[in-house]
Every structure is written in C-alpha cells, then in structure tokens.
1. Can you run down the residue pairs with Cβ atoms below 6 Å, 6 or more apart or on separate chains, where the first is in segment 94-109 and over 14 Å from LEU66 (Cβ atoms) and the partner is polar (S, T, N, Q) and not in a strand (DSSP E or B)?
2. Provide a single number: the residues in segment 35-58 that are farther than 19 Å from GLU154 by Cβ and under 15 Å from the mean Cα position of the chain (by Cα).
3. Which of the numbered conditions does ASP163 fail, given that it passes all the others? Conditions: (1) open to solvent by 60 Å² or more (accessible area, probe 1.4 Å); (2) in a loop (DSSP other than H, G, I, E, B); (3) of a type outside the set (A, V, I, L, M, F, W, C).
4. Mind listing whichever residues of segment 62-95 are surrounded by 12 or more Cβ atoms within 10 Å (Cβ to Cβ) and either touching a His at 6+ places or on another chain (Cβ under 7 Å) or not hydrophobic (A, V, I, L, M, F, W, C) (or both)?
5. Only one of (1) open to solvent by less than 30 Å² (accessible area, probe 1.4 Å); (2) touching a residue at least 60 places away in the same chain (Cβ under 8 Å); (3) within 26 Å of ALA148 (Cα to Cα) is not met by THR57, so which one is it?
6. Would you check if there is a residue in segment 139-149 being farther than 21 Å from GLU27 by Cβ and without any contact (Cβ under 8 Å) to a residue 40 or more places away in the chain?
7. For a quick check of your reading of the model, give me the residue pairs whose first member lies in segment 110-125 and is in contact (Cβ under 8 Å) with a residue 12 or more places away in the chain and more than 19 Å from ASP76 (Cβ to Cβ), whose second is charged (D, E, K, R) and open to solvent by 60 Å² or more (accessible area, probe 1.4 Å), with beta-carbon atoms closer than 8 Å and at least 6 apart or on different chains.
Amino acid sequence: TSTLLFHTVWPTGITAAGTYEVHQKFERRRVKEAINSAVRRLGLYWHREFIDESITTTTNTWKYTLPATALWMGVDRVEVEVNTNEATYPYADIRELGIDWKVYPTTSLAGVQTWYLQFDTAPPVTRKLRIFGRGFYADLGLDADVLAIAGRWEGSAVEWVYDWARFELTDWQSQKAPAFEVEKL
C-alpha cells in the first residue's frame, strides 16, 4: 500500500479511496497472458506427473472416462486395488492380473477432448484404480494460483516460463512499435 503524488490533477471520476494497479510497462492482463502462454507450452518440455485415484470399478464396465480436470497427455501405468484391508500398499499392476488396457482420446465436434481407459477384460468390481498419468499444466487465473511443478526440473522450468513470457511481451510490444523503434527492441 503506497501513496502516489501526481504532477497534474486527475479527473473527478477517479477516487482517492480506490484500488489501482500501477504498471511500469505492461498491463497486468498482458503479463498474465504471456505467463499462461509459457505454461501452455511447458507440458511439451516438462510434463506434469500425477496419480489419479478417482475411479472405482463397476459391474460389466470395460471403459472408463478419465477426469477432464487432469489435462491428460498419457498414462504410464494402471494399478487396481487388490486388498481393501491392507494399510500399506494394497495395489497391484492390473496387467499382473491378466487384464490389458489402453488409453485413447477423442475430440468432439465442439473441440472438447475426452480421454478413455479401455480394458480388454472387466476388472474386479468395486475396486479403486490408481492411474499414473502425465499431463499439461493448467492456466494461472488468480494471483494465488500455483504452478504445479516440483522436483529436479522446477528451477529450469520456472526460468523458462519467465524467459518465454518476457519474449512474448517484447514481441507483442514490437508489433505495436513504429519501424524505427523495432531495432531498439
């Protein structure tokens, strides 16, 4: 929180009690869009690894819809709950039970992508599936949003996000600049 003193008087429509953002060069929405441009490309270089345990098997079901919130790019392994009384690791690779699987995406005419997990044999009923997946990163919308990246690539990936965002901002600025200004940029 700071106080700004201006050289000239502002119009009466601007209140002293208002909340304002002061930008040195770029509007906040442009900075956010540049960062999200980098985040969308990030999965091409550093994918996000995660485990989904939201699916419970049901009777006579060979195909399951994977949750859209995960932003899937692939599945590496599928495990099934084999012992509901075990406290430590009650899961086993589903292929060890003789059940093969494949994952495939489909895209509707409206451009909505849905991922499916298809089994060749119905898996055991009322058991949780543990799906080891890879995915893209979600756009950042709020100031409190966090880029879900950790581990050995975190530093390099975050640096890359900043570098790409800076490149995008400079590129957008150069598109608006007169020809004699572009060389400076």
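1. Listed pairs, sorted by first residue: ILE99/THR121.
2. Count: 2.
3. (2)
4. Restricting attention to segment 62-95, the residues satisfying the condition of being surrounded by 12 or more Cβ atoms within 10 Å (Cβ to Cβ) are 62, 64, 66-67, 70-75, 77-83, 90-95.
If the condition is that a residue be surrounded by 12 or more Cβ atoms within 10 Å (Cβ to Cβ) and either touching a His at 6+ places or on another chain (Cβ under 7 Å) or not hydrophobic (A, V, I, L, M, F, W, C) (or both), then TYR64, PRO67, MET73, GLY74, ARG77, GLU79, GLU81, ASN83, PRO90, TYR91, ASP93, ARG95 are the ones that fit.
5. (3)
6. Within segment 139-149, one or more residues are farther than 21 Å from GLU27 by Cβ and without any contact (Cβ under 8 Å) to a residue 40 or more places away in the chain.
7. The qualifying pairs are THR121/ASP100.
The values are calculated or read from the model by the stated rules, or taken from the named source; none is laboratory data. Predicted, not measured: the structure shown is a model, and the values here were computed from it. Note that each Cβ is placed from the backbone with ideal geometry, even for glycine, and that neighbours are counted across all protein chains shown. Remember, those area values only see protein heavy atoms, side chains included, never the ligands or the DNA or RNA. Shrake-Rupley method; radii C 1.70, N 1.55, O 1.52, S 1.80 Å.
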